[in-house]
Amino acid sequence: MPAGPMLAAVAMLGLLLSAPASAERTTVQEVPCAPGPEVMLARDGTVSACRIAAETNLQVGPTAGNGTVACAAGSSIEFHRNGYLAFCGSVTKAGTYVTRSRAPTQCRNGSRVAFDENGYLEYCSQAVRAPTE
(Lines give C-alpha, C1' and ligand atoms only; values in the text may rest on other atoms or scores of the structure.)
Protein backbone atom coordinates (compact mmCIF):
# COMPACT_ATOMS: atom_id res chain seq x y z
CA MET A 1 0.00 0.00 0.00
CA PRO A 2 1.47 3.40 -0.93
CA ALA A 3 2.32 5.80 1.92
CA GLY A 4 -0.51 8.29 1.17
CA PRO A 5 -3.43 5.83 1.57
CA MET A 6 -1.69 4.20 4.55
CA LEU A 7 -1.40 7.54 6.35
CA ALA A 8 -5.03 8.32 5.57
CA ALA A 9 -6.10 4.95 7.00
CA VAL A 10 -4.06 5.48 10.15
CA ALA A 11 -5.48 9.01 10.56
CA MET A 12 -9.05 7.70 10.14
CA LEU A 13 -8.43 4.98 12.71
CA GLY A 14 -7.09 7.62 15.12
CA LEU A 15 -10.23 9.70 14.63
CA LEU A 16 -12.48 6.72 15.29
CA LEU A 17 -10.62 5.78 18.46
CA SER A 18 -10.66 9.34 19.79
CA ALA A 19 -14.33 9.95 18.97
CA PRO A 20 -16.56 10.80 21.94
CA ALA A 21 -18.91 8.22 23.37
CA SER A 22 -21.82 7.29 21.19
CA ALA A 23 -25.19 8.64 22.15
CA GLU A 24 -27.42 5.63 22.68
CA ARG A 25 -31.14 5.92 23.39
CA THR A 26 -33.77 4.26 25.49
CA THR A 27 -37.37 4.75 24.42
CA VAL A 28 -37.49 7.97 26.49
CA GLN A 29 -33.98 9.40 26.91
CA GLU A 30 -30.52 9.78 25.43
CA VAL A 31 -27.63 8.02 27.18
CA PRO A 32 -23.90 8.80 26.68
CA CYS A 33 -22.61 5.22 26.75
CA ALA A 34 -18.87 4.63 26.78
CA PRO A 35 -17.84 2.29 24.00
CA GLY A 36 -17.09 -1.22 25.17
CA PRO A 37 -18.54 -4.59 26.05
CA GLU A 38 -20.80 -3.15 28.78
CA VAL A 39 -23.19 -1.71 26.17
CA MET A 40 -26.23 -3.99 26.03
CA LEU A 41 -29.05 -3.35 23.61
CA ALA A 42 -32.64 -4.53 23.73
CA ARG A 43 -34.24 -6.30 20.76
CA ASP A 44 -35.54 -2.99 19.43
CA GLY A 45 -32.02 -1.51 19.42
CA THR A 46 -32.48 0.74 22.45
CA VAL A 47 -29.90 0.65 25.23
CA SER A 48 -30.74 -1.53 28.23
CA ALA A 49 -27.41 -1.24 30.10
CA CYS A 50 -24.01 0.40 29.73
CA ARG A 51 -21.23 2.28 31.47
CA ILE A 52 -21.70 6.02 30.97
CA ALA A 53 -18.95 8.25 29.64
CA ALA A 54 -20.06 11.47 31.35
CA GLU A 55 -22.11 12.56 34.35
CA THR A 56 -25.72 12.39 33.24
CA ASN A 57 -29.14 13.22 34.66
CA LEU A 58 -31.38 10.24 33.93
CA GLN A 59 -35.14 10.04 34.30
CA VAL A 60 -36.85 7.51 36.53
CA GLY A 61 -40.47 6.43 35.99
CA PRO A 62 -42.82 9.41 36.32
CA THR A 63 -45.46 7.93 38.66
CA ALA A 64 -43.46 8.44 41.87
CA GLY A 65 -42.44 12.01 41.06
CA ASN A 66 -38.74 11.39 41.74
CA GLY A 67 -37.68 13.15 38.52
CA THR A 68 -34.05 12.61 37.57
CA VAL A 69 -30.97 11.05 39.11
CA ALA A 70 -27.45 12.38 38.46
CA CYS A 71 -25.24 9.36 37.69
CA ALA A 72 -21.45 9.72 37.81
CA ALA A 73 -19.21 9.29 34.79
CA GLY A 74 -18.02 5.69 34.61
CA SER A 75 -21.10 4.35 36.42
CA SER A 76 -22.81 1.18 35.34
CA ILE A 77 -26.45 1.90 34.58
CA GLU A 78 -29.44 -0.25 33.64
CA PHE A 79 -32.87 0.59 32.27
CA HIS A 80 -36.31 -0.95 32.52
CA ARG A 81 -38.07 -1.99 29.30
CA ASN A 82 -40.09 1.22 29.52
CA GLY A 83 -36.86 3.24 29.05
CA TYR A 84 -36.56 4.68 32.55
CA LEU A 85 -33.58 4.23 34.88
CA ALA A 86 -33.53 1.00 36.89
CA PHE A 87 -30.01 1.14 38.42
CA CYS A 88 -27.18 3.66 38.78
CA GLY A 89 -23.84 2.53 40.17
CA SER A 90 -22.95 5.92 41.70
CA VAL A 91 -24.96 9.10 42.13
CA THR A 92 -23.10 12.42 42.04
CA LYS A 93 -25.45 14.32 44.33
CA ALA A 94 -27.23 13.43 47.52
CA GLY A 95 -30.96 13.26 46.97
CA THR A 96 -34.20 12.36 48.68
CA TYR A 97 -36.39 9.85 46.85
CA VAL A 98 -39.85 8.44 47.52
CA THR A 99 -40.33 4.70 48.05
CA ARG A 100 -43.50 2.73 47.26
CA SER A 101 -44.61 3.23 50.86
CA ARG A 102 -44.27 7.00 50.26
CA ALA A 103 -41.44 7.16 52.81
CA PRO A 104 -38.81 9.70 51.80
CA THR A 105 -35.31 8.21 51.82
CA GLN A 106 -32.17 10.30 51.51
CA CYS A 107 -29.30 8.77 49.54
CA ARG A 108 -25.79 10.08 50.05
CA ASN A 109 -23.43 11.17 47.29
CA GLY A 110 -21.79 8.05 45.80
CA SER A 111 -24.70 5.74 46.62
CA ARG A 112 -25.84 2.92 44.35
CA VAL A 113 -29.55 3.31 43.69
CA ALA A 114 -32.29 1.21 42.11
CA PHE A 115 -35.81 2.22 41.07
CA ASP A 116 -38.85 0.25 39.99
CA GLU A 117 -40.57 0.84 36.62
CA ASN A 118 -42.79 3.55 38.15
CA GLY A 119 -39.84 5.48 39.58
CA TYR A 120 -40.11 4.49 43.24
CA LEU A 121 -36.83 3.98 45.07
CA GLU A 122 -36.21 0.28 45.76
CA TYR A 123 -32.62 0.37 47.03
CA CYS A 124 -30.05 2.90 48.20
CA SER A 125 -26.64 1.67 49.36
CA GLN A 126 -26.07 4.65 51.69
CA ALA A 127 -29.56 5.50 52.86
CA VAL A 128 -30.47 7.91 55.61
CA ARG A 129 -34.14 7.84 56.53
CA ALA A 130 -35.42 11.37 55.97
CA PRO A 131 -37.56 12.78 58.78
CA THR A 132 -41.30 12.72 58.18
CA GLU A 133 -43.55 15.56 59.16
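In whole Hz and in residue order, list the ³J(HN,Hα) couplings for segment 35-44 that follow from phi through the Karplus curve 6.51 cos²θ - 1.76 cosθ + 1.60, θ = phi - 60°; x for Gly and Pro.
x, x, x, 6, 6, 10, 10, 6, 4, 7
Positive end of the dipole of segment 28-133, charges at C-beta (+1 Lys, Arg; -1 Asp, Glu), about the Cα centre: which of CYS50, ALA73, GLN29 has its Cα farthest in that direction?
Going by the charge dipole, the pick is ALA73.
With every protein chain present, what accessible area does THR92 have (1.4 Å probe, heavy atoms only), rounded to the nearest 10 Å²?
Near enough 40 Å² of accessible area.
The values are calculated or read from the model by the stated rules, or taken from the named source; none is laboratory data. Since the structure is predicted, the reported quantities are computational estimates derived from the model, not experimental observations. Positions of Cβ are backbone-derived with ideal geometry, glycine not excepted, and every protein chain shown enters the neighbour counts. All accessible areas refer to the heavy atoms of the entire protein, side chains included, with ligands and DNA or RNA removed. Shrake-Rupley method; radii C 1.70, N 1.55, O 1.52, S 1.80 Å.
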